[in-house]
1. Rg and Dmax of segment 410-569, using alpha carbons, in Å: what are they?
2. Of Lys395/Lys427; Lys423/Lys526; Lys306/Lys426, which ones are farther than 28 Å apart at the Cα?
3. What's the magnitude of the charge dipole for segment 465-569 around its Cα centre, counting Lys and Arg as +1 and Asp and Glu as -1 at the beta-carbon? Answer in Debye, nearest 20.
4. In nm, what is the difference between 0.36 nm times the number of residues separating Thr125 and Arg476 and their Cα-Cα distance?
5. Any of Lys455/Lys513; Lys350/Lys561; Lys459/Lys557 with alpha carbons more than 21 Å apart? Name them for me.
6. Over the Cα atoms of segment 391-450, what is the Rg over Rh ratio if Rh follows Kirkwood?
7. Mind pulling up the Rg/Rh value for segment 344-437? Radius of gyration and Kirkwood radius, both on Cα.
8. For Thr187 and Tyr137, FRET efficiency with R0 = 35 Å and r from the beta-carbon atoms, rounded to 0.05?
Amino acid sequence: MLLLRCPLPLLLLLLPLGSRPQKLPTRDEELFQMQIRDKAFFHDSSVIPDGAEISSYLFRDTPKRYFFVVEEDNTPLAVTVTPCDAPLEWKLSVQELPEEASGEGSGDPEPLEQQKQQITSEEGTELFSYKGNDVEYFVSSSSPSGLYQLDLLSTEKDTHFKVYATTTPESDQPYPELPYDPRIDVTSLGHTTVTLAWKPSPTASLLRQPIQYCIVINKEHNFKSLCAVEAKLSSDDAFMMAPKPGLDFSPFDFAHFGFPADNNSGKERGFLKLSKFGRQTSPKPRVDLHRVCIGNKNIFTVSDLKPDTQYYFDMFAVNTNTNMSTAYVGTFARTKEEAKQKTVELKDGKVTDVFIKRKGAKFLRFAPVSSHQKVTFSVHSCLDAVQIQVRRDGKLLLSQSVEGVRQFQLRGKAKAKYLIRLKGSKKGASMLKILATTRPNKQSFPSLPEDTRIKAFDKLRTCSSVTVAWLGTQERNKFCIYKREVDDNYNEEQKKREQNQCLGPDTRKKSEKVLCKYFHSQNIQKAVTTETIRGLQPGKSYLLDVYVIGHGGHSVKYQSKLVKTRKFC
């Protein structure tokens, strides 16, 4: 009770040799296992092996025929055909094997073509036919002996497919069994996450066979087989490793849903190839599709999805011994719509404080009440750099990164409305101050030099004093310097955490104040001032801060400087 594993011409030669019936070879299990491990053994063969899945290719409108032999009547038989990326038409039929050769028992073998015609000229009895792209089965507990023919045709396009046939379906069971409820449930839905759950395969829970689950996510449609998924993916896309226990894996680490282009694979697929049949085959475009295998757990959270977007989810149980799979009933879900951002109204000439969450964004609106020739936006980023975009009546006028204090002057327009989008840092939360005005002289923030560092002179350092210098501008501003004693183990990381430039002198203790003075220079090259801080303790560390205060009372802090007095003088 086997399916033939030798080439068909050899089969046709064996059948008519002599007047008595020829016994077909029996299944040598050791030899068979060796043969199915050798992928080249069945490549381009028209013989289907017993108990092994074969993969092959169909050209459009070019039929393909496969054969196998069942030796005895009342033999169990199961045939599974898996279309990949196109619907198939397939038909299974059987015809009797010739028991005697022609030639009146002379024992002389007939020519090969005559033998082949003797067996295959008749169409045989049709047992089953199907047309579509579902994984379809023919199962019979009692099949007649004979030569079985499987005819396949693709009328839509060139396509891959898989075929599995066995005469021992009860014992083989290579495909994982589905639970009584094979649906995927969406248990939780968020703006960027979807949590899925499904019932385990009885193959894993009852038969204790090694099963892993593979999830496929895309934005186009559900898939009916893993073969169909593989046809959509490039050959160099491999299954991803299972995530660490207790941690769901997020396969979406990108700005848009989709995946980084593989330059190497693009070079390989970037031209037309002529097959040996003379047809042109062009590469398929990459699709927004991803798969990830997660081991044997039956709940998983997909994250980093786009809000208000529909995704399709498919689950496949894969037998890791046979590498054969069964599809659960796929599902789809739309992520929740992102909450609409509240727009903050800016008032002409008034400073507004803005807080932005990590990777977040804020929208502001400025609608001048009077006609204006120019509009000025002043931005003071308190911590890390922020991104600013300004649109006037929908047209993008400005898109820049801002660190420290920046001022932008844009051409005005009567009755114009300005929409400002502020995007925070990826490192952490962002804080900033912003001012919009149509009055050019209304400047609340002080001007700053390009370099806001404080320089300490090591040679002028004593046991009780340090001398420092900083740059100014051509604009006359008030500068205040403050000191604070810190521990010897105070480091740059602690200093960085305190670099909120928006905190003014009003947050400091009076005892920390050293002095305040006005300073400017028309010659920008000479706009530098020095100051000696006295009354310090020997061998102590101090954190120095310089604040520049503008005409509107708003201050900006220079970069803090850590200094240490000499221990011995």
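Derivation of every value follows stated rules applied to the coordinates shown; laboratory data play no part. These figures come from a predicted structure and were not determined experimentally. Neighbour counts are summed over all protein chains in view; Cβ atoms, including those assigned to glycine, are modelled from backbone coordinates with ideal geometry.
1. For segment 410-569, the Cα-based Rg and Dmax read 18.5, 69 Å.
2. In this structure, Lys395/Lys427; Lys423/Lys526 exceed 28 Å between Cα atoms.
3. The dipole magnitude comes to about 280 debye.
4. Fully extending the segment from Thr125 to Arg476 adds 116.1 nm.
5. In this structure, Lys350/Lys561; Lys459/Lys557 lie more than 21 Å apart at Cα.
6. Looking at segment 391-450, the ratio lands at 0.97.
7. Expressed as Rg/Rh, it is 0.96.
8. So the FRET efficiency works out to roughly 0.65.
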